[in-house]
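Visitor: Please read through the structure below; I'll follow up with questions.
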Amino acid sequence: MVESFESQAREMPQHVVAARARYHAGLPPTYRPWLHLATPFACGAAVIAGCVACLEGPALWDMCVVPATWIFSIAAEWRFHRDLLHRRVAPLQLLYDKHTVSHHSLFVEGAMQIGSARDFRSILFPWWAAPILAVALAPPAALLGLVLGADVGRLFLATGMLYVMTYEALHLTYHLSPSHPLRRLPGVERLALHHALHHDPRRMQRENLGVTSTLWDRVRGTIAR
Ligand SMILES: [Zn+2]
Ligand SMILES: [Zn+2]
């Protein structure tokens with residue numbers, strides 16, 4: 001990884017080199033990258049384990065909420081990426097600043113790779129995002145539970161958290177060395193290329209907005225050609 005990063009660094013545009021130097025200089029000394037990485041997965045795993053432990057025996061019909069939630073999440077992710085990460089909308093300007101201003105200036109097509117674990121901070125959502133999302137998903141899960149049965153609500157919440165974990169894992173993987181073992185998992189390299197094209201500044205506002213899947217870019221006609 002180091003060797004390949006060094007060859008990437010030699011070809012890195014000067015504005016990216018400067019952006020990364022500024023970013024590293026501003027990193028808080030207390031930042032713990034591995035703790036940051038562990039938080040969404042520990043939070044997601046705890047919520048999923050709690051939901052699964054409480055299942056009373058879902059019927060096959062109840063299980064349909066799993067693919068339905070997954071597809072809904074793909075669509076929601078696409079819209080969130082386009083409308084909140086690439087547009088400055090009050091009071092959520094922080095999302096735009098962290099994504100469009102910071103993430104997209106540190107990684108451009110051809111210079112996608114992180115240099116070290118300290119760069120996790122520029123890729124992952126803030127550590128508190130997964131716990132907040134779990135809390136935010138609880139009311140719709142409770143509503144689904146009331147209307148369609150408690151197991152449906154639990155499966156909805158568990159699937160939502162699994163989606164968040166998948167998003168974080170895949171996005172980070174796209175920014176690892178192309179020779180990293182995770183990049184060899186089926187389908188990952190194709191998605192990494194899809195995401196690399198999104199990091200082209202000419203495309204980022206409108207193309208390849210899906211991170212975990214290309215599905216909604218195909219549905220909405222926003223896939224890069
Ligand atoms: Zn990215
Ligand atoms: Zn983006």
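The values are calculated or read from the model by the stated rules, or taken from the named source; none is laboratory data. What you are looking at is a predicted structure, and each value in this text was computed from that prediction instead of being measured. Cβ coordinates were reconstructed from backbone atoms using ideal geometry, including for glycine residues, and neighbour counts include every protein chain displayed. We work out accessible area using only protein heavy atoms, side chains counted, and drop any ligands, DNA or RNA first. Shrake-Rupley method; radii C 1.70, N 1.55, O 1.52, S 1.80 Å.
Visitor: How many nm is it between the label spots at ARG218 and LEU193, if each spot is 7 Å from the Cα in line with the beta carbon?
Guide: Inter-label distance under the simple model: 1.5 nm.
Visitor: Still on this structure: Heavy atoms of the protein only, probe of 1.4 Å, neighbouring chains included. What is the accessible area of GLU207 in Å², nearest 10?
Guide: Accessible area of GLU207: about 30 Å².
Visitor: With labels modelled as points extended 7 Å from the Cα through the Cβ direction, what inter-label distance (nm, one decimal) is found for THR30 paired with TRP61?
Guide: Inter-label distance under the simple model: 5.2 nm.
Visitor: Calculate how steeply helix 2-11 sits against the longest principal axis of the alpha-carbon atoms of the chain, using the helix alpha-carbon long axis, and give the answer as 0 to 90 degrees to the nearest 10.
Guide: 60
Visitor: What length, rounded to one decimal in nm, is gained on full extension from ARG88 through to ALA42, with 0.36 nm per residue of separation minus their alpha-carbon distance?
Guide: Between ARG88 and ALA42, full extension yields an extra 13.5 nm.
Visitor: Considering the dipole of segment 2-220 built from charges on the beta carbon (Lys and Arg +1, Asp and Glu -1) around the Cα centre, which of GLY44, SER122, THR212 is farthest to its positive end?
Guide: It is SER122.
Visitor: Gain in length, ARG202 to TYR96, computed as 0.36 nm per residue apart minus the alpha-carbon separation, to one decimal in nm?
Guide: Result: 36.5 nm gained on full extension.
Visitor: A further question on this structure: With the cut-off at 1.5 for a/c, could you classify segment 80-210 from its C-alpha gyration tensor as rounded, prolate or oblate?
Guide: Cα axes put segment 80-210 in the prolate bin.
Visitor: Please determine, in degrees from 0 to 90 and to the nearest 10, the orientation of helix 129-148 with respect to the longest principal axis defined by the Cα atoms of the chain, where the helix direction is its Cα long axis.
Guide: Taking Cα atoms only, the helix is inclined about 30 degrees.
Visitor: Tell me the accessible surface of PHE80 in square angstrom (1.4 angstrom probe, heavy atoms of protein chains only), to the nearest ten.
Guide: 70
Visitor: Further question: Hey, if you drop one equal point scatterer on each alpha-carbon of the chain and run the Debye formula without solvent, what base-10 log of I(q)/I(0) do you get at q = 0.11, 0.18 Å⁻¹?
Guide: -0.59, -1.43
Visitor: Might you report the magnitude of the Cβ-based charge dipole of the chain about its Cα centre, with Lys and Arg at +1 and Asp and Glu at -1, to the nearest 20 debye?
Guide: Here the size comes out at about 580 debye.
Visitor: Any chance you could look up the accessible area of ILE132 with a 1.4 Å probe, heavy atoms only, rounded to 10 Å²?
Guide: Looks like 100 Å² after rounding.
Visitor: Lys/Arg Cβ at +1, Asp/Glu Cβ at -1, dipole of the chain taken about the Cα centre: which of THR159, PHE80, VAL65 is farthest positive-ward?
Guide: So the residue furthest toward the plus end is PHE80.
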